[in-house]
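Q: One structure is given below, represented as structure tokens, and several questions about it will come after.
The values are calculated or read from the model by the stated rules, or taken from the named source; none is laboratory data. What you are looking at is a predicted structure, and each value in this text was computed from that prediction instead of being measured. Please note: Cβ atoms are built from the backbone with ideal geometry, for glycine as well, and neighbour counts cover all protein chains shown.
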Amino acid sequence: MALPVEQPPIKTTNMSNKKTVIFTTNQTFEAELIKQQLENKGIETFIMNKKDSSYLFGEIELIVNKEKESEARQIIESMNEDQ
């Protein structure tokens with residue numbers, strides 16, 4: 001007789017687990033610079049590099065928690081104004 005397999009608990013999704021793309025670029029340095037600025041302001045930021053490593057096409061996305069989207073966009077806009 002086979003023993004029953006224990007199923008992992010079902011994960012519930014709440015607002016704090018939802019992520020959103022706030023910026024895309026094809027320049028790695030630009031993504032890293034913006035990520036650093038956001039993290040300096042206390043916004044956890046993830047980079048999703050979708051560039052092809054052989055042919056160097058594609059984009060790099062910056063991702064933040066949905067609840068921090070507005071704040072992150074304001075920081076990015078202020079960075080653009082400073083240039």
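Q: Taking the range 33-48, which residues are surrounded by fewer than 15 Cβ atoms within 10 Å (Cβ to Cβ), under 17 Å from Val21 (Cβ atoms) and not hydrophobic (A, V, I, L, M, F, W, C)?
A: Those that are surrounded by fewer than 15 Cβ atoms within 10 Å (Cβ to Cβ), under 17 Å from Val21 (Cβ atoms) and not hydrophobic (A, V, I, L, M, F, W, C): Glu39, Glu44.
Q: Being assigned to a helix (DSSP H, G or I) and of a type outside the set (Asp, Glu) is the filter here; which residues of the range 20-30 pass it?
A: In the first step, residues of the range 20-30 are kept if they are assigned to a helix (DSSP H, G or I); the result is 28-30.
Passing the criteria: Thr28, Phe29.
Q: If you take the residues in the range 64-83 that are of a type in the set (S, T, N, Q) and surrounded by fewer than 16 Cβ atoms within 10 Å (Cβ to Cβ), which one is farthest from Phe23 (Cα to Cα)?
A: Filtering the range 64-83 for residues of a type in the set (S, T, N, Q) gives 65, 70, 74, 78, 80, 83.
Imposing the further condition that a residue be surrounded by fewer than 16 Cβ atoms within 10 Å (Cβ to Cβ) reduces the set to 70, 74, 78, 80, 83.
Values: Ser70: 12, Gln74: 12, Ser78: 14, Asn80: 12, Gln83: 17 Å.
Checking each candidate, the answer is Gln83.
Q: Mind checking which residues of the range 49-63 are of a type in the set (Gly, Ala, Ser) and either without any contact (Cβ under 8 Å) to a residue 12 or more places away in the chain or exposed (fewer than 10 other Cβ atoms within 10 Å of the Cβ) (or both)? Break it down into steps so the answer makes sense when it comes.
A: So in the range 49-63, the residues of a type in the set (Gly, Ala, Ser) come out as 53-54, 58.
Matches in the range 49-63: Ser53, Ser54.
Q: Just give me the residues in the range 19-51 being under 14 Å from Asn65 (Cβ atoms) and out of contact with any strand residue (DSSP E or B) (no Cβ under 7 Å at 6 or more places or on another chain), in sequence order.
A: If the condition is that a residue be under 14 Å from Asn65 (Cβ atoms) and out of contact with any strand residue (DSSP E or B) (no Cβ under 7 Å at 6 or more places or on another chain), then Lys41, Gly42 are the ones that fit.
Q: Could you list, in sequence order, all residues of the range 31-83 that are assigned to a helix (DSSP H, G or I), among the polar types (S, T, N, Q) and at pLDDT below 95? It would help to see each step written out before you state the result.
A: Filtering the range 31-83 down to residues assigned to a helix (DSSP H, G or I) leaves 31-40, 66-82.
Checking the rest, the ones that are also among the polar types (S, T, N, Q) come to 36-37, 40, 70, 74, 78, 80.
Selection gives Ser78, Asn80.
Q: Test Met1 against the criterion of being modelled with pLDDT of 90 or more and farther than 23 Å from Glu81 by Cβ, and give yes or no. Can you show your working first?
A: Details: modelled with pLDDT of 90 or more: no; farther than 23 Å from Glu81 by Cβ: yes.
The answer is no for Met1.
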